[in-house]
Amino acid sequence: MYDLKPFLEYVKEVNPGEEKFHQAVKEVFGDIIPYIKDKPEYENAAILERLSEPDRMIRFRVTWQDDDKNIHVNRAWRVQFNNSIGPYKGGLRFHPTVNEDVLKFLGFEQIFKNALTNLPIGGAKGGSDFDPKGKSDDEIFRFCKNLMMELHRYIGDDTDIPAGDIGVGKREISYLFGQYKKLTNRFTGTITGKDIDFGGSLIRTEATGYGLIYFVSNMLEEKNEVLKGKKVLISGSGNVAIYACEKAIELGAKVITLSDSDGMIYDKEGVDEEKLAFVKELKEVRRGRIREYAEEFDCEYREGENPWSVKCDIALPCATENEISDEDAQKLLDNGVKLVAEGANMPCMDKASQLFRKSDIQYAPGKASNAGGVAVSGLEIAQNKIRLQWTAERVDDKLREIMKDIHDQCKNYGTNGEDSIDYVKGANIAGFEKVANAMLAFGPI
Ligand code: NDP
């Protein structure tokens, strides 16, 4: 019978040094192993061994020239993890910390997240250790073009459909898609997150942040509560953070922090529409630093700090993995946080996540609460296939529906006792069932 401890030993042995990947496997299989203890068909088919081994990993060199004509070499990868329920799908990340460990953890999580959307999409992730910070548009273009020179061989609208992630926004997606189209001479929906003028979906830019807030509203509803009047901490100031902030404000919450990798702003008055418009321009156009918000609106800026020491009702980590340590988690709990929902992927360290799960707060894992982005990417694929563009209202309604359905799957599989929902357990089991059952149906391939 599967047992978590020896299984993790096995995962560590075959994936040495990949600590984030080990953390992700532990978090998912920690819930799956007890669930399948009286379902021997999964073990007989070695489902956990197969699920924790990517179908395929591609690693390649990207050579590019900077504006001073110096030549640079970066590494890039595509991890095609599992395509049991649909073509591989997952973002591309450009950040100096990208390596096989990071991409395997993200690709693994993506399998279950994508399954939760109920759309036919498998799990993948990719990216490069290239650092886009401080690079000119020309340099970004040359890098994206050369990366696609290699990547285009392995992707396709029925094979593998990349999208954005940290460091890969509208500009990078446009360069990547333009090059893909040029190389293949085909206009297909092979990349999502495209501009609406050339095949993108309305609401895709907003989808992860909006979806997170829809999910939080569903969670609050379980407690007969609403977002209006709640004090909210958000970390990050990128795509997910900005649109989570926008929807939270629209629903009457008070967002009092934002951050970037240099520090955080604490705005006691709350971010309003005008201030958020400044953040959008700062981050999406000028690519500046969040400290400029404090200078512009005369609020507190804490260099080198994260938001988690500020008293709040709701905390939404929307920056990156492992950004909440166990000390941060304890601080949030001591300060009376009632709900934590992950906008980022695996933002809580293992112990922090365990502290939240053991407490009586509501706690949602990223694979459920941040699935709105990939869900609308799935809708973008559908629109590209039928060569139509749906209205913003239609996509937004569908997004709400999908987030509610994910919430209900978590409730269905994660209800403990009378009224407590373990969203982590619920999301893990609901996502696992679909993928594992498809794998069983295919036989041992
Ligand atoms: P962006 O690149 O748009 O923004 C990332 C934000 O997080 C920036 O403010 C960045 O600050 C900050 N950040 C990144 N790394 C660190 C770090 N090590 N320490 C502190 N701050 C950091 O990315 P997204 O908003 O797209 O992604 C954020 C998270 O959400 C990631 O975990 C991503 O995987 C996840 N996600 C994104 C989806 C999407 O649709 N975009 C979908 C689902 C999940 P700085 O500018 O200083 O680096």
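Summary table
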read-out: Residue, farthest from Y214 (Cα to Cα), within region 355-405, restricted to residues that are polar (S, T, N, Q) and assigned to a helix (DSSP H, G or I); value: N384
read-out: Meets criteria (of a type in the set (A, V, I, L, M, F, W, C), open to solvent by 20 Å² or more (accessible area, probe 1.4 Å) and farther than 18 Å from L151 by Cβ) for A24; value: no
read-out: Output for region 422-445, where each listed residue is modelled with pLDDT of 95 or more and over 20 Å from K26 (Cα atoms); value: N437, A438, M439, L440, A441, F442, G443
read-out: Identity of the residue in region 406-424, in a helix (DSSP H, G or I) and more than 18 Å from the chain's Cα centre (by Cα), that ends up farthest from L119 (Cα to Cα); value: G414
read-out: Within region 243-267, tally of residues that are away from the ligand (no atom under 16 Å from the Cβ) and of a type in the set (S, T, N, Q); value: 0
read-out: Wholly enclosed strands (runs of 3 or more DSSP E) of region 193-266 bearing at least 2 residues surrounded by fewer than 20 Cβ atoms within 10 Å (Cβ to Cβ); value: 263-266
read-out: Every residue from region 217-239 that is within 18 Å of I361 (Cβ to Cβ) and within 12 Å of the ligand (Cβ to nearest atom); value: I234, S235
read-out: Conditions (1) within 16 Å of the ligand (Cβ to nearest atom); (2) closer than 30 Å to L399 by Cα; (3) modelled with pLDDT of 95 or more; number of the one not met by R302; value: (2)
read-out: Residue, farthest from the ligand (Cβ to nearest atom), within region 354-373, restricted to residues that are buried (at least 24 other Cβ atoms within 10 Å of the Cβ) and among the hydroxyl-bearing types (S, T, Y); value: Y363
read-out: Residue match in region 154-165 (condition: without any contact (Cβ under 8 Å) to a residue 24 or more places away in the chain, of a type in the set (F, W, Y) and either open to solvent by less than 30 Å² (accessible area, probe 1.4 Å) or more than 17 Å from G373 (Cβ to Cβ) (or both)); value: no
read-out: Enumeration of residues in region 305-326 that are part of a helix (DSSP H, G or I), within 16 Å of the ligand (Cβ to nearest atom) and open to solvent by 40 Å² or more (accessible area, probe 1.4 Å); value: S309
read-out: So D350, is it away from the ligand (no atom under 15 Å from the Cβ), within 22 Å of A368 (Cβ to Cβ) and out of contact with any Ser or Thr (no Cβ under 6 Å at 6 or more places or on another chain); value: yes
read-out: Out of G288, G270, G336, sole residue that is over 20 Å from K247 (Cα atoms), part of a loop (DSSP other than H, G, I, E, B) and away from the ligand (no atom under 15 Å from the Cβ); value: G336
read-out: Among the residues listed as G107, G90, the single one being within 16 Å of the ligand (Cβ to nearest atom), open to solvent by less than 20 Å² (accessible area, probe 1.4 Å), in contact (Cβ under 8 Å) with a residue 24 or more places away in the chain and in a helix (DSSP H, G or I); value: G107
read-out: Subset of region 190-216 [within 11 Å of the ligand (Cβ to nearest atom), touching a strand residue (DSSP E or B) at 6+ places or on another chain (Cβ under 8 Å) and not hydroxyl-bearing (S, T, Y)]; value: G193, L212
read-out: Any hit, region 375-387, residues being over 20 Å from the mean Cα position of the chain (by Cα), charged (D, E, K, R) and outside the structural domain of L119 (by TED's automatic domain parsing); value: yes
read-out: The listed residue being of a type in the set (D, E), open to solvent by 50 Å² or more (accessible area, probe 1.4 Å), touching an Asp or Glu at 6+ places or on another chain (Cβ under 7 Å) and part of a loop (DSSP other than H, G, I, E, B), out of D67, D131; value: D67
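The values are calculated or read from the model by the stated rules, or taken from the named source; none is laboratory data. Fair warning: this is a prediction, and the values are worked out from it, not measured in the lab. As a convention, Cβ positions derive from the backbone with ideal geometry for all residues, glycine included, and neighbour counts pool all protein chains shown. Protein only, heavy atoms only, side chains kept; ligands, DNA and RNA dropped before computing areas. Shrake-Rupley method; radii C 1.70, N 1.55, O 1.52, S 1.80 Å.
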